Structures are given as C-alpha cells and as structure tokens.
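Below is one structure; the comments refer to it alone.
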There are 4 protein chains.
Amino acid sequence: MAGSSFGSIFRITTWGESHGAGLGVVVDGCPAGLPLCEEDIQIFLNRRKPGQSKFATPRKEDDTVEILSGVFEGKTTGTPISMLVRNTSQRSRDYSEIASYYRPGHADYTFDEKYGFRDYRGGGRSSGRETIGRVAAGAVASKLLATLGISLTTYTRSIGPVTIKTFDRTQIDQNKLYMPDADAAAEASAYLLHCMKEQNSSGGIVECIVNGLPTGLGDPVFEKLDANLGKAILSIGAVKAFEIGDGMAVASATGRSNNDPFLPGENGAIRKASNHAGGVLGGISDGSPLILRAAIKPTPSIASFQDTVNKQGKPISVSIKGRHDPIIVPRAVVVVESMTALVLADALLLNMTATMDNVKKIYTDK
Amino acid sequence: MAGSSFGSIFRITTWGESHGAGLGVVVDGCPAGLPLCEEDIQIFLNRRKPGQSKFATPRKEDDTVEILSGVFEGKTTGTPISMLVRNTSQRSRDYSEIASYYRPGHADYTFDEKYGFRDYRGGGRSSGRETIGRVAAGAVASKLLATLGISLTTYTRSIGPVTIKTFDRTQIDQNKLYMPDADAAAEASAYLLHCMKEQNSSGGIVECIVNGLPTGLGDPVFEKLDANLGKAILSIGAVKAFEIGDGMAVASATGRSNNDPFLPGENGAIRKASNHAGGVLGGISDGSPLILRAAIKPTPSIASFQDTVNKQGKPISVSIKGRHDPIIVPRAVVVVESMTALVLADALLLNMTATMDNVKKIYTDK
Amino acid sequence: MAGSSFGSIFRITTWGESHGAGLGVVVDGCPAGLPLCEEDIQIFLNRRKPGQSKFATPRKEDDTVEILSGVFEGKTTGTPISMLVRNTSQRSRDYSEIASYYRPGHADYTFDEKYGFRDYRGGGRSSGRETIGRVAAGAVASKLLATLGISLTTYTRSIGPVTIKTFDRTQIDQNKLYMPDADAAAEASAYLLHCMKEQNSSGGIVECIVNGLPTGLGDPVFEKLDANLGKAILSIGAVKAFEIGDGMAVASATGRSNNDPFLPGENGAIRKASNHAGGVLGGISDGSPLILRAAIKPTPSIASFQDTVNKQGKPISVSIKGRHDPIIVPRAVVVVESMTALVLADALLLNMTATMDNVKKIYTDK
Amino acid sequence: MAGSSFGSIFRITTWGESHGAGLGVVVDGCPAGLPLCEEDIQIFLNRRKPGQSKFATPRKEDDTVEILSGVFEGKTTGTPISMLVRNTSQRSRDYSEIASYYRPGHADYTFDEKYGFRDYRGGGRSSGRETIGRVAAGAVASKLLATLGISLTTYTRSIGPVTIKTFDRTQIDQNKLYMPDADAAAEASAYLLHCMKEQNSSGGIVECIVNGLPTGLGDPVFEKLDANLGKAILSIGAVKAFEIGDGMAVASATGRSNNDPFLPGENGAIRKASNHAGGVLGGISDGSPLILRAAIKPTPSIASFQDTVNKQGKPISVSIKGRHDPIIVPRAVVVVESMTALVLADALLLNMTATMDNVKKIYTDK
C-alpha cells in the first residue's frame, strides 16, 4: 500500500532507508508565496541530529538538506518541494549477523512476515533515520504556521521515573535532554548514566504546546483535530500512547472537575477558564493552547543479552552491538513537533473551505 | 472538508444528526460474497442502545436498521452497502434555550466558530447518536474478520476510581457496565449512583483485545496499524487518550523490561514470550493479541450548575436538563470495537497487495 | 475497492441498485451556509426522469428526493448532506432469463468476472438509475456555483448523423431532445423513429459550456481541471470519448491555428482572442468559457436479435425485452452537467488554498 | 492542493521544474519482490529523450536516473522507490524577456493567476520535462505488468493530416516518429519539414493497445477503468481528447453496429466477436485488448510571430525563440504508455480485494 504519505491538502511523501543512498520528502500542497530556504530546514534537521550529547549515538551524520524543487527566488511556488538528505556516514560493515535473526522490540520479524524479506542494513525503512523526511517537512509547516502567529513549544516531560516539576521555557535548549526544568534534567542525566552502565535503556514522555491557534481547525467526525494529531504522533516509531489535554486522567475524573467553563474574554471574545480539554472541543480547536503528549518506549537496542530466535526459528541469545542511544526521547522532540505542525498546517488549509462566507471572501472580494 | 469518511479500501461514510430525519452509513469496498443480513447489524446497534440500564438515558430509541443496497440474495455484492436508521423518538421540545448558550465540554462553541451557526437540536452532528453509522459499519467489518477467525473482545476496564482486578470473559455481558469482573462492576455501580446523586458524571477506560490476527497488517511509516487504530479511537467523541500495549507505562520502563523476547512457536512458527508491544512491531501486526485502550471523559452534560457564557458572551450559570447518562463508557464499548474492526478490515485488504507473491497468487493461479 | 466516491474536498458517495430499496448520495464537504431545499434537487432529478418523451422509456418513476441530513433552517450546515430516492415503480418480474446470459454491450459479464456473481435485476449497480445520486449531488454543486455567478449550459450536440447547425439557448428546453437547434431536433426525431422501427438505437454527443468561471481552478500536473473533468465524464456509463475545446481536431491542427492569442480585456484584465483551448491552459482555468463534449454510445439494449452466450458459455440468440430508450443522450444531458458542476465545485474549494495571500485573507482579516 | 500524486494503491508523486536542480518521482505501494534496476528505468527515459531525430529539439539532455531507495539486492522492498534525474544541460540564459509576457498556448498566464507568480525558466513545472517522473514510474508499473504477461504497444497513429493505413508492429521503432506504417512515417516526415519551414508546428494522435489484461480491472461507478485512463491521459500536457475503443465514432453508430457479440472462447472461456468497446464493459476490463487514443495539440512554441500581451496587459507581438520540437507526439508516445501502465498496475492491485474468495486465498491458504 502507498503508506508513506501524510496529510490531505498539505501532503508529504517520505522515502528512504537508513543505509541506502539517502532519505527525503516531497511536500505537496504548500501554498505559493511562503518564504523558504535551506537554512529553515537545516535548523530543524540539526535538532534531530545524533552526536549532540553523551546520551546520543556517537555516529556523525551530517544530514545536510538540499531543496531540489518548489522554491523560486526565495519563495514557495505552489508546486512540490522535494528535499534530499544524502546518507554519508553509514559505515560499510558486515550485516550478515543481524540479517540472520530477529531483534526483540524491532520490526525485523514483522517486515519479513509482511514483505518476505527486508533491507536489514541498520533497520532499513524502520530506522529512526526515517524521521528525516518528517522533520524536513515539519520545518516547512512550522514556517507556514509562524507567519500566522502560531508557535509550537516541545520538550521532554519525563525520562524513566523523572518528571519535570517546573516549567521554564528558556531551559529547554540549555540541556541536552530538552527538559524545561534544570533540576529534572540533572536527575534524568544521572538516571540515564545508570541505565547505560546496566547496558539498559529508558523510555519517556514528550509534550507539545501550541499557542496562537485559531478556532475552527479540525472536523466533527473522523477528521477530528485530535484524531489526526493522534495518528501523526502514533505513526512515529516507538510511540505507544497519545494524550490530548488531561489524557488518561479523564478516566478517573468527574464531569464537574473535567468540564472547562466558558468565560468572557477580551474584545468580546470567549475563552475557557481552564483547559482540561487541551484545546479541542468536539474535534475542533477552541482557541485555547493545544496540549498533547507522546509516550515513547525505551530504545529496544540494548547491549545486555536477550533471548530471541534466528530466521530458522531456533532460540539464541544476542547482544545488540553498534552505536545506540540509551534514550530516544530527546531526539524525538523535534519529530513530535514536526508531526504536530504538519497536522495543523493541513487543518488550517482545509478549514478555509468550511463556509460560504470564506468562499465568497476569496472569489468575490478578489 | 469531506471529513465523514474513514478507511481507504474498506471505506465508510457516515451522515446524520441527532434530531434530523435519521442517521446512516455507506460501506464501500466490502468484498463481494460476504454473507450479511440486517440481523447482523441490529445485534451491534442494540449493544449501543440507551435505555438498557439505570445508568443509561431512559429515552427509548428503536434504532432499527434498514439495508438499502449492496446485498443481494444474502451476500454482499461488492457495491456500496447503504444503511439507514430513522430517528423516531426525538421529542419535539423547545431548543431555544440551548441554542442561546455554550454548554461546557460540548462542541457548541466550536461549531459556531467553524461554521457560523449550528444545528443545536440535541447536539446535531456532534451528538453521541453520530456513532450509529460507525457501529452499523463495524458490524460488517466484524463479520468479515470473523470469517477469517479474527475475534474482538471489548469491555469496560475502569469507571472512575474502580478498575477491574480479574478477567472473566463470560462476565462481560452479565452486567450493564460490560465489566469482565463482577465485583468491580458492583463497586462501579455504587460509584455511579453516588455520581448521579451529586448531579455529576464519571469517566472510564474501554479496552479491546483482538485474537487471531495474522502477521503483516499495517504499514511501516504513516499507515502503522497502531497509528490508524489511534486515529479511529480518538475520532470517537469524548476519547482523550489512546494506548497500545503497555501504553503510557512504557515511559517509565527500561528496554530490558519492555522488549518482548521471541520464542519458537508451534509448527515452526515464531511467537513472543510477552506482549508489552500489544501486538504490533514497527507498525505491523506481529501475530500476538492486539491490545488497545481508550480513555473516555465524563459525560459533559451534568445537572449541577456550571458557569458559561451565552452567545452574546455574557456570563451565565446553567444546569443541563434532559436525559443524560452519568457515564458514556458502557455505550462506548461497541463503538471502540466497531472502529477497531474497521481499521483491521481495511488493513487486511491493503496487506493483500504487499508482495508480488500475493499478486501472482491471485492472477496466475486463477 | 471503495469506488463510489468522487471529489476530494467537495466529495460525494453514491449508492444503490436499479431494483433495490432505493438509491442515494452523501455530499460531504459542502461549505456551511449555502441555501438548499429539496426543490433545488428535485428540479435536477426531473431533468433525468424517463417518460418525458416518446424516445424515453415509458416506465413511470417518481424519483422523489428526501434530504435526510446536513441542512438546517434552509441552509447547509457543513456536515454531510444525505439524499434518498426510493425505488417505487420497479415491477416485480421474472429475471431468471436475464440472469442466465450476458447481454452484449452491458456489464453483465464483467460483473460476474469481477465479483463472482451479480444483482441481475435491471442491471443492478450498472443501471442508468445509478446516475440519480450523481444528479442529486450535482444540483448541490450547481447551487454553490450559481452563488458565484458561474452557470452551466448543457445540451445535445448530435444524435446519430444529425448535428446542430445553429445555437439558440432558448430552444434547449423546447424540444425533448434538448437540442439548441429546432431544425436539428426535428431531423433527429425522425432519425430516432427510424431507429425504433428497425429495433435499433443511436448514439450522440452532449456538450457543456461553463460561463463565469474564475481563473486559477485546477492544478498543473495530475489534477488538471480537464483531467478531472475527463474522469468525471468518462465515469458516466456509455461515454466513450471526452473532448475539451477543439478536442480530437487539434490532432490535425497547426500551432498557428490552434494557439489562442491573448488580448487586453476590460478593466486591465486579459482575455483570449479565440478559445480553441476550451477554457484551460496547463490544466488551469483561464477565464474563458469552458467547453467540453462527451460521446455517448447507442443504447446497448435493442429488441432485434443478437448473438451472445449464456453463463455456461453456449452460444444463443437473444432479443432484449423491456422498456428501453432508443437513445441515452437526452437523459445524459443533466448527468454531464452534474458531473461538470461537481468537478468545478471541488476545484473552486481546492484553489482557495493555493496562495499564502489567500491563507492570510481568511485568517488575519478575520 | 497536493496535485502531484497519482494512483491509490500503486501511487506516484512527481516533483521538479524544467530548470531547477532536477526532477523525480516517488513510487509508493509497489509490491515487494519485483526485480528492478536502474537499467529498467533508463530504457523508458531514453524513449522520451529529445535529440533523437531532426524533429526533436537538438538540446542534449542526459536524463540519467538514480534509484535512491526502495530496492535492495535487485528487488523492490515494498517501501517507496525514489528516483532522481538531475538537470544538467539547462543553459543559463536570460529569461527576463519570457518572464515579461504570456506565451499563447502556454500556462504562463494561468500560473500567474493561480499562484501570483511563476518559475518562468523553461516553463517551470508546466514544462514537458515534468513527464520525466511519470515515465520513470511508468517503467516500474510496466515491469510489474510484464511479470503477469500484460504488454503495452504504443505508437503514433497520426500526425497532422497523415494517418497510418497499415499496422506493422516491427516498424514502430524503425522510424523516429514511432509510426507502425513506414509509408505514413515518410509522408508525416515530409509534412513536418513543411511545418518547420513555415515556422509552424503540428498535432497528432497517440494510440495504445494493451494485450494480456485479465478481466475484472476497474470499478463500476467513479473508478471505471476507462475513467481513470482518461484522467491519466488527459493529465499529460497538450492532450485535448481521449477515446476508448471506437471513441467519438460511437456518437454516429447504432446499437446493432456498436454492440460486441459474445462468443465461446477457448477452454470454456468467453470472448467478444468484435471490440468496439475497446476492452471495457461497464468500466471493467473484459479480457479483450484495451485500446485508447490521445489527441495531442501542436507545440504552442512557434517561431513565427504571434499576438499576445505582456504582464502589464499591453498588446505585443512575439516570436518564441529557443529549441522547440515542431511536434510533441513522438516524445509523448512513452508518456501515454507510462500513464496507461500506472493506471493498470493500480487497478490490478485494487481488484485483488474485490471478493471474499480472494481474501481467503491470501489469508487461509497461507
């Protein structure tokens, strides 16, 4: 199936394997006239690059992006924006061992079951490098949102047992874990060092807050804004749960505690007194900040020995060698932000066609 | 936007408002030759009917389905299956009050913001009655899955503070709350009576387990099986979180505890020793049971007074009158099951085209 | 496959068989605030009704439409518009003969090959009655276009050997053949009487002209306006060719004769001196009238004896009995117009999102 | 809008401008296990290359393809196949003149109207070079079809007033015009020389015949095989008409002459005695050869002076300079074949899911 596209109007198609010639994305449906340059994309890609901290894989990946089409004289033309990142640092090595068995927690087995064989070099299409296309596209979507005053703030909320207690936006970029709480970051670092010593890995939670979002984005039934955000976030490898607003906690809440009362806002506007809903009501953005969370599983590649089977189905014990992060979470921050931006850009464009008033604004005020 | 369709090959389109002429669904892409009759659909619709317990709204809704097309001589023909449920018991009443203000926790405000006005009678398109089309379609998908030996078991996992402690499948239909634990059901009933006395409502969790699923369903990138399940479940009104397998708990797990070792299975097959993953690896079904959960918020319509604003933005205090369930969860059980079945049927059909071996099996073994 | 939907933003899903309970359509994505009532739809449906002339089948079909959803207080709400036409006049008869063989020129054989069996009553899903859903939806699209000053004029251009020589718009509704040339209509009538006497049938050409279309509709590559119009028109049963502008004639033209020079228009606008292109350049509407044609094959059901085979593959000779038009063309006029209107409405909505200027017009002028 | 994708299961996304960094395509949904290498693609690309005859533009374009992903150890992996062709021979020249006015018959004006500005270098996205992505993807689709014994034969049927009178398949590659009739080719060559002397250009017709196609491809309503072929062919720049089978000629035919009688075939099969239908009945392939035609307009770029307006709307007279073919038709042959192959590959995959028998063949015979 054609499963590498995402979005309806603002639509992306990603491609590429971990150890092939390169990876990339085609962004189709971006409106004409958006200022865009390679630097806009590179800033995003640099946020997902490994080798930035002791908890990230030491391999060096340049991940330099080239815009191949869709931009002319510094602005998007309305035609597809194709972006390419060449694979440069993939060492040639012997993959015959990894080709011969199924790593626990990885997609080796399911790829073989689905396709009959797999590109076993570095995980192929199910590698974390697959997110390069998402992030490059997310940079374009973020640029579009920014022109309308919509901003996304994304960070690590928890790592293993360590959850942030305070929120200082300026802290996010001050630590390698992207935590908005310096003390939590220090505590989480210590925990990760412990994991590494144990040849183990840790999970965590990424949170994203969107400010400046207009009302009206999202549709009432299957295309609810939160449903599309959920799909977007759950399509990121290693994500096992998605929450909007209070998330799982609503299960033990009551209507009285969970409902957000409406209040008169400024200039005749209406606002909510609280935001348990996380910015959506009935699947449509309500003008409050959008709040979502992704639970990310621990890196499945660990050095300690694990039981598994080889391709012949015989039990073996394996230690996954190679350069692996003990935690995926910090590198997933920009991926969560990118997928969120993509959903919002698409919903923004779709919502333009919701009323005859808008139709007339475009065609008869022309 | 055309937001009332779901699925790609096995595709449904729902329509209808709470107090309009009726509600329905068109199921398009169902393979020809599936035995199907109205009774198959009615059994599913009856599971979501209100008026079945003291915790469900006392209004009587017959919700009798009529199959209008796509079935001939007891089998699906491969053409669209249109199903209709007439609205019969909607009392004519005065909606002018509800039309004049915004109910907290409801979509009244966001509909007005998006569309400029709304069908305010009983919630219109954002009513719980919107799920009728989903459930009718889910019955068809479930029938298809059943012919391949795939079965879904769905139940209430928790209500407010009460979570099941034991799992007895035969109990699920023995209590009005659809809990597989008789003691928990009794405790939850007591809790709900308390909520009602307080003019309050409760949230809860629905869980679904799928057995007999083949490997290979779902795609590696955006069309991951869990991503599509997440969208499906999060598109149900009132759902605020989605978990697959261990869900949120993976955030505090380690790689060693979270990885599922592979083991030799029967007849040369391979199976997993545990199932933290919940039946998917890399977005593709792995042959283990699929396990997912939906967190459902408390019914927003409560009788106790709440603050809100009217359409003019003036603060008022309101008590939502009418027949409202103090808990949505038990009626959502069949909706979660239906949406899950729809995703699986679609993924099953899509996966048929994954390999040249399959293509040849259809065209050259003909 | 889910093949009964058409359009992307303004999207329709049709359903129903000739002799089932009824036929209908769900129109999803129509902007909120469009005035709409059943009379708007009925006017269109009446144009495709049989029994209006001696060349149309004498069967009486009321084809009364019921709007089931999506309209509130006389205006579209932005939610799906479901429309239903009950089958009322289908006589119960013995279909065992028609079930036993394959009618030449019909889809009997291909349905059996594709689906394994078929609803053989009156052609089932491949009956001309399938167009009821298209026409009901086309009425909605036409209403939308009309509010922007876009008008469609559709008529019979030729029947068998008889082609119109003059164009008098007022004539179109003055003859049962919908020809804008009274003399040609008389000549065509005589030809059709001759066909009927011979137990034969005739083909013809439908032409549609669209005035008032803005520039910019359609996309440069696969979603060219003319490509989508072509698909729409060719999806009508019996259509075997599609032309835009000069159509087939461009093959023998030269660049000098075929190019349309640009000229200064009124108020600083630009217009074309001629319109060989038929209103599109590079797949995008150019502000000139859109001109398209559909070639429609002769009714395959003829009373004279034809060779064919039965389901067992044995050769037989058959005479198709029943009430069949000797010509499909006049009844196809409103179907061609409906499909054209659907493509244009969709392209209009999509084009709103083409530029950042439009995005800002909606979101920052709000 | 996201208008650069085509197909549903076997889905392609093209990108690139005439004078940008390059052009390419992502083929998503190709089944795993299809043998594929760059040579397969290059053979197709070479058929559309200019500089092969005196009637083709003398510019040298290498158009060397690189497969960037989706192929491993010589076989497709089921993941997206990304292909890249760098633009190498685009001379740097002064485009300020062409940027300042609207060429008749080109998309300059409509791009400006739609997007507000345009990449004016060599036509940008509306250049004939846009077809590189289509042809590279078509090569993959053709490879897939060939493994099932399906073959496409495509050729020039007419050029200006010269139409083929005989059909000798071996002749097609023996002349630069791809005509299956050596005499017609000679006559057409003379005609084109005349056009060139007159600083003029010519249109023509491309015809494609598909042999070996199974029955059952295509869907009964909007996704008719001929409707999708029509869209595919009409989405090629310069195509102004599409015919299937007898095409426009059916308009003057009678039912008796146009119906194709069924006959007993070999081994209990059924075949048609004639093929006016061109291989489809009711939108579904009937096992006969598929026959389609595309009418292609004369190259709009001609050296003789033409009237037009500049961007300020002032009338001017222009002579289009540069290297332009006096005829597009021969280079369009492989494009028509590619688009046909893409539609057929998609229809083949979709049709696999049409019956429960097929579903069981994949899942229970496993």
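The values are calculated or read from the model by the stated rules, or taken from the named source; none is laboratory data. Please read all numbers here as calculations on a predicted model, not as lab measurements. All Cβ positions, even for glycine, are placed from backbone atoms using ideal geometry, and neighbour counts span all protein chains on display.
Output yes when any residue across region D:212-228 is among the acidic types (D, E), within 11 Å of chain C (Cβ to nearest Cβ) and in a helix (DSSP H, G or I), and no when none is. Yes, region D:212-228 has at least one match.
For region A:316-366, the set of residues classified as within 14 Å of chain C (Cβ to nearest Cβ) and either of a type in the set (D, E) or in contact with a His (Cβ under 8 Å, 6 or more places away or on another chain) (or both) consists of A:D346, A:D357, A:D365, listed by residue number.
For D:D307, the criteria (1) within 11 Å of chain C (Cβ to nearest Cβ); (2) under 30 Å from B:D346 (Cβ atoms) hold in every case but one, which is (2). When region A:1-17 is filtered for residues that are among the hydrophobic types (A, V, I, L, M, F, W, C) and modelled with pLDDT of 95 or more, the ones remaining, listed by number, are A:F6, A:I9, A:F10, A:I12, A:W15.
Note on region C:179-188: residues that are in contact with a helix residue (DSSP H, G or I) (Cβ under 6 Å, 6 or more places away or on another chain) and surrounded by 22 or more Cβ atoms within 10 Å (Cβ to Cβ) amount to 2. Scanning region C:117-143 for residues that are touching a residue at least 40 places away in the same chain (Cβ under 8 Å), at the interface with another protein chain (Cβ under 10 Å from one of its Cβ atoms), over 19 Å from C:V239 (Cα atoms) and crowded, with 24+ Cβ neighbours inside 10 Å turns up just one, C:D119.
Screening region A:338-366 for residues that are acidic (D, E) and farther than 18 Å from C:K75 by Cβ and picking the one that is surrounded by the fewest Cβ atoms within 10 Å (Cβ to Cβ) gives A:D365.
Listed by position, the strands (runs of 3 or more DSSP E) inside region C:255-366 whose residues that are free of Cβ contacts under 8 Å to residues at least 24 places away in the same chain and more than 30 Å from A:P35 (Cβ to Cβ) number at least 2 are C:262-264, C:270-272, C:315-318. Please enumerate the residues belonging to region D:1-30 that are within 8 Å of chain C (Cβ to nearest Cβ) and under 13 Å from D:V343 (Cα atoms). Of everything in region D:1-30, those that are within 8 Å of chain C (Cβ to nearest Cβ) and under 13 Å from D:V343 (Cα atoms) turn out to be D:S5, D:F6, D:S8. The residue that is nearest to the chain's Cα centre (by Cα), among those in region B:125-155 that are of a type in the set (S, T, N, Q) and in a helix (DSSP H, G or I), is B:T131. Residues in region A:92-116 that are touching a residue at least 24 places away in the same chain (Cβ under 8 Å) and of a type outside the set (G, A, S): A:Y95, A:Y101, A:Y102, A:R103, A:P104, A:H106, A:D112. Taking the criterion of being in contact (Cβ under 8 Å) with a residue 12 or more places away in the chain, assigned to a loop (DSSP other than H, G, I, E, B) and under 24 Å from C:I9 (Cβ atoms), would at least one residue in region A:178-193 satisfy it? No, the conditions are met nowhere in region A:178-193. Taken together, the criteria place C:T355 among residues that are modelled with pLDDT of 95 or more and over 26 Å from C:V135 (Cβ atoms). Total residues in region B:111-144 satisfying the condition of being more than 29 Å from C:P31 (Cβ to Cβ) and touching a strand residue (DSSP E or B) at 6+ places or on another chain (Cβ under 7 Å): the figure is 2.
Of the helices (runs of 4 or more DSSP H) lying entirely inside region D:18-124, those containing at least 2 residues that are modelled with pLDDT under 95 and closer than 30 Å to A:E73 by Cβ are D:96-100. Return yes or no: is B:G237 modelled with pLDDT of 95 or more, on the phi > 0 side of the Ramachandran plot and within 18 Å of the chain's Cα centre (by Cα)? The answer is no for B:G237. In this entry, C:T163 is excluded by the filter for residues that are crowded, with 24+ Cβ neighbours inside 10 Å and either facing chain D (nearest Cβ under 9 Å) or closer than 27 Å to D:G247 by Cα (or both).
Condition check: polar (S, T, N, Q), over 30 Å from D:E130 (Cβ atoms) and in a helix (DSSP H, G or I). Does C:S158 satisfy that? Considered against the rule, which asks whether it is polar (S, T, N, Q), over 30 Å from D:E130 (Cβ atoms) and in a helix (DSSP H, G or I), C:S158 comes out as no. Note on region D:241-279: residues that are more than 7 Å from every other protein chain (Cβ to nearest Cβ), at positive phi and surrounded by fewer than 20 Cβ atoms within 10 Å (Cβ to Cβ) amount to 1. Would you say C:V250 is in contact with a Gly (Cβ under 8 Å, 6 or more places away or on another chain) and not in a loop (DSSP other than H, G, I, E, B)? Here the answer is yes, as C:V250 does meet what is asked.
Quick grid of which residues meet (1) surrounded by fewer than 24 Cβ atoms within 10 Å (Cβ to Cβ); (2) among the β-branched types (V, I, T):
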{"site": "A:L225", "(1), (2)": "no, no"}
{"site": "A:A232", "(1), (2)": "no, no"}
{"site": "A:V239", "(1), (2)": "no, yes"}
{"site": "A:S304", "(1), (2)": "yes, no"}
{"site": "A:K314", "(1), (2)": "yes, no"}
{"site": "A:S317", "(1), (2)": "yes, no"}
